[in-house]
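Trainee: Here you go, one structure.
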Amino acid sequence: MEADFDLLRDLLGNSRIFSLAHVLGEVSNLTDLSGAELSEAREVLKRTINSIEEPSMPSLTAVQNLVYARLGLTDAAIVESARTHGCAVLTNDLDLTLALQQQNLPAANFTHYRASILGL
């Protein structure tokens, strides 16, 4: 996990980083930790939120995207934000990567990137 974090940090470099409230809410809810570990994870998330850009993407707009029915609200919001804000998406979700590429939006899959770096 730490090696993936280092690889991600190196890949992003000084790039502008965007996220959405939809994604950040999911991350916050996925921390299956307790006590000091939960506090530390939430603090890391808080610092991350302070260092990124968070454009608005209303759910009503996101559900109009064709991927909503198949991939759900968060992925639809990501696709629609990529279109609206003209940004590339880095994800570890193959279905999302393919949906973005099918709509001619720039997308990269982190697993594929990691494999290419490791020569797999």
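Readers should treat all values here as calculations from the given coordinates under stated rules, not as data from a laboratory. In this text the structure is predicted, and so the values were computed from the model without any measurement. No Cβ is skipped: glycine too gets one built from the backbone with ideal geometry, and neighbour counts run over all protein chains shown.
Trainee: Relative contact order for the chain using alpha-carbon pairs under 8 Å, separation at least 6, rounded to a whole percent?
Mentor: Numbers: 98 pairs, mean separation 23.2, N = 120.
Once divided by the residue count of the chain, the mean separation gives 19 percent.
Trainee: OK, next. What list of ³J(HN,Hα) values in whole Hz, one per residue of the range 2-12 in order, does the Karplus curve 6.51 cos²θ - 1.76 cosθ + 1.60 (θ = phi - 60°) give from phi, with Gly and Pro shown as x?
Mentor: Calculated HN-Hα couplings, in order: 5, 5, 5, 4, 5, 5, 5, 4, 5, 5, 6 Hz.
Trainee: Also, quick follow-up: Calculate how large, on average over all directions, the projected area of the Cα convex hull of the range 1-61 is; give the answer in nm² to one decimal. Intermediate results must be reported in sequence, preceding the final value.
Mentor: Details: hull surface 20.6 nm².
Approximately 5.1 nm², given one-decimal rounding.
Trainee: Quick one: net charge of HIS85's neighbours, Cβ under 13 Å, K/R +1, D/E -1?
Mentor: My count for the surroundings of HIS85 gives -1.
Trainee: Mind listing the phi-derived Karplus ³J(HN,Hα) values for the range 95-105, rounded to whole Hz, using 6.51, -1.76 and 1.60 with θ = phi - 60°, and x for any glycine or proline?
Mentor: In residue order, the calculated couplings are 4, 5, 4, 5, 4, 5, 5, 5, 9, 6, 10 Hz.
Trainee: Rounded to whole Å and sorted largest first, list the principal axis extents of the Cα atoms in the chain.
Mentor: 41, 37, 26
Trainee: For the chain, with a Gaussian network of springs between Cα atoms less than 10 Å apart, report the residue from LEU24, LEU94, LEU12 with the top mean-square fluctuation.
Mentor: Its mean-square fluctuation being the largest, the pick is LEU12.
Trainee: Determine the distance separating the Cα centre of the range 44-71 from the Cα centre of the range 72-120; give it in Å without decimals.
Mentor: 13
Trainee: Go ahead and set up a Gaussian network model of the chain, Cα springs under 10 Å, then flag whichever of GLY35, GLY86, GLY72 fluctuates most.
Mentor: Per the Cα network of the chain with a 10 Å cutoff, GLY35 tops the list.
Trainee: Comparing ALA88, ALA77, ALA69, which has the greatest mean-square fluctuation in the GNM of the chain with Cα pairs linked when under 10 Å apart?
Mentor: ALA69
Trainee: Give the long-range amide H neighbours of ALA108: residues separated by 5 or more places, or on another chain, with amide H under 5 Å away, using H modelled in the peptide plane at 1.01 Å from N.
Mentor: VAL89, LEU90, THR91
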